[in-house]
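Novice: Here it is, the structure, as structure tokens.
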Amino acid sequence: MLLSYNNLMELERFEGIVTRAVSMLTQELMVYLENVDIVVQDYPTQAQSERAPGTVLLGLYEGIPLTRRGLGYSLVLPDKITIFQKPLEELYSSDSELEKAIHDVVLHELAHHFGMDDQQLSEIEERKLQRGGKDK
């Protein structure tokens with residue numbers, strides 16, 4: 001089934017794909033998501049969009065990465081990972097492409113929580129492509 005702007009995925013199904021992507025993490029990593037909210041939102045707010053001007057935001061990590069937290073880091077609001085449903089749907093024309101993209105965006109934003117920046121993630125993706133994508 002092809003998706004079009006008039007035939008968008010139901011929110012419940014979209015959220016299920018996000019949940020499955022998170023559930024693929026190992027138990028050792030899951031303990032580090034204790035104070036992280038993962039939400040689906042139609043589009044980025046203006047304030048969220050301003051964090052990445054000139055780009056289409058598919059997801060956003062808002063918080064302090066684990067690698068930057070000190071001993072006094074406690075009693076704080078949860079970090080937040082937002083996955084933006086409409087931009088993803090607008091970019092991908094089939095269910096299978098959309099599901100893969102959602103999975104990739106969720107893992108990308110989780111990597112930010114674990115302390116990786118966009119340059120590190122790009123380098124990993126480049127190495128994966130050089131090896132023929134065998135790390136999927």
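The values are calculated or read from the model by the stated rules, or taken from the named source; none is laboratory data. From a predicted model like this one, the values you see are computed outputs, not experimental measurements. Virtual Cβ from ideal backbone geometry, glycine too; neighbours counted across all protein chains shown.
Novice: Tell me whether the range 81-88 contains one or more residues that are over 20 Å from residue 16 (Cβ atoms) and touching a strand residue (DSSP E or B) at 6+ places or on another chain (Cβ under 9 Å).
Specialist: No, the range 81-88 contains no residue that is over 20 Å from residue 16 (Cβ atoms) and touching a strand residue (DSSP E or B) at 6+ places or on another chain (Cβ under 9 Å).
Novice: Being closer than 24 Å to residue 15 by Cβ and modelled with pLDDT under 90 is true for just one of 77, 58. Which residue is that?
Specialist: After applying the criteria, what remains is 77.
Novice: Condition first: of a type outside the set (D, E, K, R), more than 16 Å from residue 37 (Cα to Cα) and surrounded by 13 or more Cβ atoms within 10 Å (Cβ to Cβ). Now tell me which residues in the range 86-123 satisfy that.
Specialist: Correct list: 87, 88, 92, 98, 101, 102, 103, 115, 116, 121.
Novice: Return the only residue of 109, 97 being part of a helix (DSSP H, G or I) and farther than 29 Å from residue 31 by Cα.
Specialist: Going through 109, 97 in turn, just one is part of a helix (DSSP H, G or I) and farther than 29 Å from residue 31 by Cα: 97.
Novice: So residue 130 fits all but one of (1) in contact (Cβ under 8 Å) with a residue 24 or more places away in the chain; (2) over 18 Å from residue 35 (Cβ atoms); what number is the exception?
Specialist: It is condition (1) that residue 130 fails.
Novice: Any residue in the range 3-15 that is among the aliphatic types (A, V, I, L, M), more than 18 Å from residue 108 (Cα to Cα), in contact with a Ser or Thr (Cβ under 9 Å, 6 or more places away or on another chain) and touching a residue at least 40 places away in the same chain (Cβ under 8 Å)?
Specialist: Checking the range 3-15: at least one residue is among the aliphatic types (A, V, I, L, M), more than 18 Å from residue 108 (Cα to Cα), in contact with a Ser or Thr (Cβ under 9 Å, 6 or more places away or on another chain) and touching a residue at least 40 places away in the same chain (Cβ under 8 Å).
Novice: From the list 82, 67, which residue is in a helix (DSSP H, G or I), of a type in the set (S, T, N, Q) and either closer than 17 Å to residue 113 by Cβ or touching a residue at least 40 places away in the same chain (Cβ under 8 Å) (or both)?
Specialist: Just a single option satisfies the conditions, and that option is 67.
Novice: Is the range 63-74 home to any residue that is of a type outside the set (Val, Ile, Thr), crowded, with 17+ Cβ neighbours inside 10 Å and within 22 Å of residue 120 (Cβ to Cβ)?
Specialist: Within the range 63-74, one or more residues are of a type outside the set (Val, Ile, Thr), crowded, with 17+ Cβ neighbours inside 10 Å and within 22 Å of residue 120 (Cβ to Cβ).
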